[in-house]
Amino acid sequence: MRHQRRDRSVGTRILVSAVLRAPAICAPVAFAETHATQAQAQAQAIEIPALSADIPAQPLAQALEALARQTGLQLVYVSAVVHDQRSRAVSSGLSVSNALGRMLEGTGLQFEYLTSRSVHILAAVVGPPKHEVAQVPEREAMQEVIVTAEKREESLSIVPISANVLTSADMNAAGIKDINEIAAVTPGVEYDYDTQFGPGILTRLAIRGIKSDVGTSTTGVYIDDVPIQWRQSGFANAYPVTFDLARVEVLRGPQGTLFGAGAEGGSVRFITTEPSMTEFTGQYRAEVSRTEYGGPSYETGAAAGGPLVDDRVGGRISAWYRDDGGYVNRVNPFTSATVDSEANRSSSRALRAAVLFAPTESLRITPSFSYQSVGRHDSPIFYPYLSNPSAGVFNNGKLLRQPSTDGFTLVYLKIEQQFRFAKLTAVTSYFDRHAQAMFDATNEAGIFFFGGYGNPQGPGFPASYADAIPDMLSLHQSQQSQEVRLTSADPEAPIQWVAGQFYSLARQAYTEDIYEIAAPANPGYYNSEQTTDTIAAAYAQVNARLSRHWTLSAGVRVDRTRSEATNYAGGFAYPELPPITHGITYETPLTPQFSLSYKPNETNFFYATIAKGFRIGGINTQIPASCQTVAPSSYTSDTVWSHEIGAKNLLFDGRLQVAGSIFEIDWSRVQTNFTLDCGFNYVANAGAAKSTGFDLVISAFPLHALSFNVSLGYDNIHFTRTILNPAGEVLADRDAVVGGVPSVPSPWIGAANLRYEWPITHEIKGYARIDEVVHSHNTGPFTELDPRAIGYDPRFVADPATSILNLKLGLIWSKLDLRVFVNNALDAHPLLQSSADAPGSLPTYAHTLTPRTWGLIGAWSF
């Protein structure tokens, strides 16, 4: 008997050969008969993944090969039994047993488990099919996750990247609904927002400490294959909600070779659920809850899809709506009387629809549409001096309500053509985003422009409601993008490759209009920024097997970038400001990546990766001549080089998964905001920083009914060079933590969950789950505590250590999951992101964790 070695990069070996003979198969068949009970027990102890993608109708041998690549199973059969047989199409999300059963319908074949990870395909015999009594239970733990981090479907366990992947089941089980909760449970990821900028819309997302308040985003954000990250403005990136997503991939470390500009610290990819042409599936979810000291919350969402024409056309549609109750009251700052209770309430809605056409077995066409809108009634920040957090009292003393709306539409067309030698994928997309907000600039204007309002508490305090100054913000972003790539088709080949081209045209229009006097015809400050970024890129990556155990990967990307910006400014607050600034800048960044991986066996994987990332540069606004400083007209891209070693291991017969990595990142020519004494600023490439740390994820399945997951990350990012402005004032101290206080990363981030299940009846089981997320306090040093620093303010430090404990108790009956939950069970509400309008000024602002929230969730799937 000859064993044909298949693609080890997906952790599977298919034992198929034209020279297999029936006598050679007798031994495993007899083994299966003798040890059926043992095989079944092993299968129940080890989670076998559900299908992550459809397998269309095709020759049976090819369909079985595709299933083995997805699941990591060994399939044993005589070639003659599948010769000239055709499979039935099977859809993503099916368990292995159900997928095999459907695939073999009408073939006269059946299957049986030989061991927990090997299956025998054989001619059917009289009597009940054995797969009906040997099905593998679908559990939350020990799933093998398929990702597309390298532009091809691969098992996460053999991708030489540090990644955290949250499947739809993971997010539903943990109650994760948005980017804030994704970041909270992902080591190496930090998400916060600027509390001084009242609407709460200026958010920041960092991976391994790489983030910036100027220029373009340092983190790539994708919906499927479409990038949606943007330049910094009064609004930060938009992020999709998680309902009816297949998974979220958080890729740590620069992803510049395959994902290009902006993926400097890493990427977050929101992968939507594909339509199926073979199976009707869907889900419905509803939630009702209440936040302590606040209002009720409601959620409802439904998704359904399946074949419109069997094996040729499939569709899927989902709709979701949520109202979140508030817990921050807006009060009259002069009398402390409540003006608007639970003011920071919000509502969100999302709609997705997609259709999959397969006019031939090798061609798939998928048009898709997504819409999302998020609206906030008022800001989530509060004034500590007007509040009593220990008693659950959070009061916002702003004179004006600070509402915001943010919505986007994404349409794209994906075409996939399978050739004998490669798969061609073309994705054409259009992204359109509109956002508006109102910022109450009263306190800030009193400090910077008017010298106060006569209130003895200080210049940041108004004297009456007549002092109110609204700052109107608007944003329109649109992007057209096109990616075409070829991916090698043969997973057995010693050389696998992907090559492609990418083009995008992104336009951004941001307007800020401050009415500092009653008549809006003469604003205090008006600013309009029009930016166009064009990127054309070509990339390629090759994975070469040097031997049975060693693989070398190398890739490179070349981008040609063009940035054009026009800025219009005016108003009596800045009479010397040049009214128009215009500029264009070009660059040709090169981003290589190299990986060496070692796979000694099917359960252990080790790798070392060197990668480069970048983000594009931009144009500076002119500053007045009175500043006595000549600002550079533009700034160029900054870059990171990352060095990482890691391991991914499956131990104790699949009961323990361990994945970890150690990294060092050098950040060069950091785009730095140069603040001047005259109050203006510009951006220049001046900084240098280093980030070092590690991440570790452990998943354990010690008992059939018990699962345990823990993740831990450490990150230390600091400047390696002192930066001074033209006046000699310190902008960044060498060895100081990157990011201005309080917006600095927690050095340690940990998350853990424990789940236990028990039978109640033959059809009903109960479960309990405990989740805890911990962030440590950053002790510095910080530039803002240096008296020579232009932002010196000894009052502010990094956020305190935080701990959030969430509890769940539920019942599962068939496809219905009903549970009660308590989030933030210990009702922790520390002061977070404490800041002010200017160093030494009052009042100060802060936000906190959502107080204790309890509720009921019902989820039904079919």
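The values are calculated or read from the model by the stated rules, or taken from the named source; none is laboratory data. For clarity, every value in this text was computed on a predicted model and none was experimentally measured. Counting neighbours? That spans all protein chains shown, and the Cβs are built from the backbone with ideal geometry, glycine included. The area values use the complete protein model at the heavy-atom level, side chains included, leaving out ligands, DNA and RNA. Shrake-Rupley method; radii C 1.70, N 1.55, O 1.52, S 1.80 Å.
At-a-glance table
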quantity	calculated
Complete set of residues in the stretch 712-736 that are β-branched (Val, Ile, Thr), out of contact with any Asp or Glu (no Cβ under 7 Å at 6 or more places or on another chain) and not in a loop (DSSP other than H, G, I, E, B)	Ile717, Ile723
Total residues in the stretch 571-583, condition assigned to a loop (DSSP other than H, G, I, E, B) and surrounded by 17 or more Cβ atoms within 10 Å (Cβ to Cβ)	4
Hits in the stretch 506-523 - residues which are among the aliphatic types (A, V, I, L, M), at pLDDT 90 or above and crowded, with 18+ Cβ neighbours inside 10 Å	Ala506
Tabulated pairs, the stretch 584-607, first crowded, with 16+ Cβ neighbours inside 10 Å, second of a type in the set (Asp, Glu) and in a strand (DSSP E or B), C-beta under 6 angstrom, 6+ apart or interchain	Pro589/Asp559
In the stretch 294-335, the residues that are within 22 Å of Pro851 (Cα to Cα) and either small (Gly, Ala, Ser) or modelled with pLDDT under 95 (or both)	Gly294, Gly295, Ser297, Gly325, Gly326
Odd one out for Gln436, checked against (1) open to solvent by less than 60 Å² (accessible area, probe 1.4 Å); (2) assigned to a strand (DSSP E or B)	(1)
Given (1) under 22 Å from Thr609 (Cβ atoms); (2) in contact with a helix residue (DSSP H, G or I) (Cβ under 8 Å, 6 or more places away or on another chain); (3) in a strand (DSSP E or B), index of the condition Ala263 fails	(3)
Residue among Tyr503, Tyr526, Tyr568 that is hydroxyl-bearing (Ser, Thr, Tyr), surrounded by fewer than 18 Cβ atoms within 10 Å (Cβ to Cβ) and touching a residue at least 40 places away in the same chain (Cβ under 8 Å)	Tyr568
Listing of strands (runs of 3 or more DSSP E) fully contained in the stretch 22-135 that carry 3 or more residues being at pLDDT 75 or above and more than 29 Å from Leu363 (Cβ to Cβ)	109-115, 118-123
Tally, over the stretch 761-819, of residues that are in a strand (DSSP E or B) and among the charged types (D, E, K, R)	7
Hits in the stretch 185-195 - residues which are more than 15 Å from Val744 (Cα to Cα) and open to solvent by 20 Å² or more (accessible area, probe 1.4 Å)	Val185
Selected residue (only one of Thr278, Thr257 is of a type in the set (S, T, N, Q), open to solvent by less than 10 Å² (accessible area, probe 1.4 Å) and farther than 23 Å from Ala565 by Cβ)	Thr257
Conditions (1) open to solvent by less than 30 Å² (accessible area, probe 1.4 Å); (2) without any contact (Cβ under 8 Å) to a residue 40 or more places away in the chain; number of the one not met by Glu772	(1)
Residue count, the stretch 540-561 (criterion: in contact with a strand residue (DSSP E or B) (Cβ under 9 Å, 6 or more places away or on another chain) and open to solvent by 30 Å² or more (accessible area, probe 1.4 Å))	13
Count of the stretch 325-382 residues which are crowded, with 23+ Cβ neighbours inside 10 Å and touching a Lys or Arg at 6+ places or on another chain (Cβ under 6 Å)	3
Residues satisfying the stated conditions in the stretch 819-834, i.e. touching a Gly at 6+ places or on another chain (Cβ under 9 Å) and surrounded by fewer than 20 Cβ atoms within 10 Å (Cβ to Cβ)	Val820, Val822, Asp827
The stretch 648-666, subset modelled with pLDDT under 95 and touching a Phe, Trp or Tyr at 6+ places or on another chain (Cβ under 6 Å), residue nearest to Ser157 (Cα to Cα)	Lys648
Spans of strands (runs of 3 or more DSSP E) in the stretch 332-382 with at least 2 residues over 20 Å from Asp310 (Cα atoms) and touching a Gly at 6+ places or on another chain (Cβ under 9 Å)	346-360, 363-376
